[in-house]
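Here the structure comes first, spelled out in structure tokens, and everything after it is commentary.
The values are calculated or read from the model by the stated rules, or taken from the named source; none is laboratory data. Because the structure is predicted, anything quoted here is derived from the model rather than measured. Here the Cβ is made from the backbone with ideal geometry for all residues, glycine too, and neighbour counts use every protein chain on show.
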Amino acid sequence: MNYQADDTIAAIATPSGSGAIAIVRISGDKALEITREIVGIKPRARHAHICSFSDENKNILDQGLVLFFPGPNSFTGEDLAELHCHGGVVISDWLLSTVLSLGARAAEPGEFTLRAFLNNKIDLTQAEAVADLISSGSREAAQAAFRSLNGTFSDGVEKLQKNLTETRAHIEAWLDFPDEDIEPAQVQELGARLKDNIEALERIDSSAREGVQLRDGIDIVIAGPPNVGKSSLMNRLAGYDAAIVAKIPGTTRDPLKEHLSIDGLPVTLTDTAGFRASNDPIELEGVRRGKQAIERANHLLWMVDVRDELSVSLENARKYCDIDTAITILQNKVDLVSQNTKLFDCEDLTVIRLSALTGEGVSILREHIKSLADFGGESSGTFSARSRHINALQRAHENITSASKELLSNRALELAAEDLRTAQSALSELTGEVSSDDLLGEIFSGFCIGK
């Protein structure tokens, strides 16, 4: 990332294309100077002014609103201005070009939020929550991201850090005065504190894992022989006719992908061409693409006709799938036979009997999909999180557990103190107190420009 703290940056903060309003955002030392050149007045802090916007040659290009937020009381912690013009590519690009010609440079992706982080307006978990809120795939995911942005995740980590610091202080005080005897009751008291810290960490970890599920969701592929109801199931789960359904074998050729939400869990569902032996090059290409989709998926729903022999269906599923692919067998069309919908196990695989046509048994499948992601539903304490957060929490948990063992079982005070220091270092990675330039580049490069 081409980041220089003394630059003034600018970008269009609204989506490209036509719309009612477009916003050009400016942040940095020259933000007020550039804004005055364009609007002809010195805007009052945190007040909306209706102004004419002029380019560098004093040609009036539009009329709109200007807002000015002096640092450090702004989103970025710097002087920040927003120019609200009429939406449309020509006007917004013209206005941005004017801002750049007056001394600003084009912002990198996520650079406004990066500056907020570097100027201590938000921590790293809150910065990531900004991107998660923008890209949330369900209301539940949006609520979780807002909680993280509002500090729920950070506050829990900060409280845990404070408790660990107090525990470390006691242990290191004993190390500083080795001649003083340590009462067993004191050791037990600190052991109880560490137990409380472990339990607090486990609660944070549980909420974080739910947040990861809400953010990342699960990628599922529906595959199987032709005409077993794969596209019908896709439409049933999507809630509308996403896929063409016909009795003609081979109707589906290219994988068809739909994004849906099951009780808040984002699900990417892919319908594939029917898998069978064929000399048709187009059909063979469809099968090849279907196999590629299976390789990328978290789980495969292998659909068959309930009237087919189950053992043969299991054999075919394994033949077409990678050995590491998790599989659920769906026996469809129970409406044509005298069998009830149900979920059961067969040869270490889960089997579900249902009818994509009538919807019977689909609720069983929905609950099964949630269980595949270990998703119990979004709760009031869930906050958005990422895989790196889970990794850091796991390392912190291991080190606090080790510290407890060294303290209570071995009376190894130096080792216990070092374990706690390592645990706190892992927790500091969450909020960005300890971070590398590579990590920051990876996180903020995924943002949109203007945020």
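Key figures for this structure:
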item: D62 vs. criteria among the acidic types (D, E) and crowded, with 16+ Cβ neighbours inside 10 Å; result: yes
item: Residue within segment 21-43 that is more than 33 Å from the chain's Cα centre (by Cα), under 28 Å from I134 (Cα atoms) and hydroxyl-bearing (S, T, Y) present; result: yes
item: Elements of type strands (runs of 3 or more DSSP E) contained in segment 251-314, each with 2 or more residues being on the phi < 0 side of the Ramachandran plot, touching a residue at least 40 places away in the same chain (Cβ under 8 Å) and buried (at least 17 other Cβ atoms within 10 Å of the Cβ); result: 265-271, 299-305
item: Residue list for segment 101-125, restricted to those being crowded, with 19+ Cβ neighbours inside 10 Å and either among the polar types (S, T, N, Q) or touching a strand residue (DSSP E or B) at 6+ places or on another chain (Cβ under 7 Å) (or both); result: A104, A107, E111, F112, T113, R115, T125
item: First in segment 143-158 and at positive phi, second anywhere and in a helix (DSSP H, G or I) and not polar (S, T, N, Q), Cβ under 7 Å, 6 or more apart; result: none
item: Number of positions in segment 326-358 that are assigned to a helix (DSSP H, G or I) and of a type in the set (F, W, Y); result: 0
item: Residues being touching a strand residue (DSSP E or B) at 6+ places or on another chain (Cβ under 8 Å) and either surrounded by fewer than 18 Cβ atoms within 10 Å (Cβ to Cβ) or of a type in the set (K, R) (or both) - total across segment 17-36; result: 3
item: Whichever residue in segment 78-91 is over 11 Å from G28 (Cβ atoms) and assigned to a loop (DSSP other than H, G, I, E, B) and, among such residues, is modelled with the lowest pLDDT; result: G88
item: Looking only at segment 6-51, and only at residues there that are touching a Ser or Thr at 6+ places or on another chain (Cβ under 9 Å) and assigned to a helix (DSSP H, G or I), the one that is farthest from S101 (Cα to Cα); result: V39
item: Identity of the residue in segment 328-383, in contact with a Ser or Thr (Cβ under 6 Å, 6 or more places away or on another chain) and under 16 Å from I218 (Cβ atoms), that ends up surrounded by the most Cβ atoms within 10 Å (Cβ to Cβ); result: T328
item: Hits in segment 63-77 (condition: hydrophobic (A, V, I, L, M, F, W, C) and part of a strand (DSSP E or B)); result: L65, V66, L67, F68, F69
item: Among (1) over 29 Å from the mean Cα position of the chain (by Cα); (2) at positive phi - the single one Q188 does not satisfy; result: (2)
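Here's the yes/no breakdown for (1) over 30 Å from R353 (Cβ atoms); (2) crowded, with 21+ Cβ neighbours inside 10 Å; (3) outside the structural domain of L354 (by TED's automatic domain parsing):
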position	(1), (2), (3)
G151	yes, no, yes
F177	yes, no, yes
E189	yes, no, yes
L194	yes, yes, yes
A208	yes, yes, yes
N227	no, no, no
A238	no, no, no
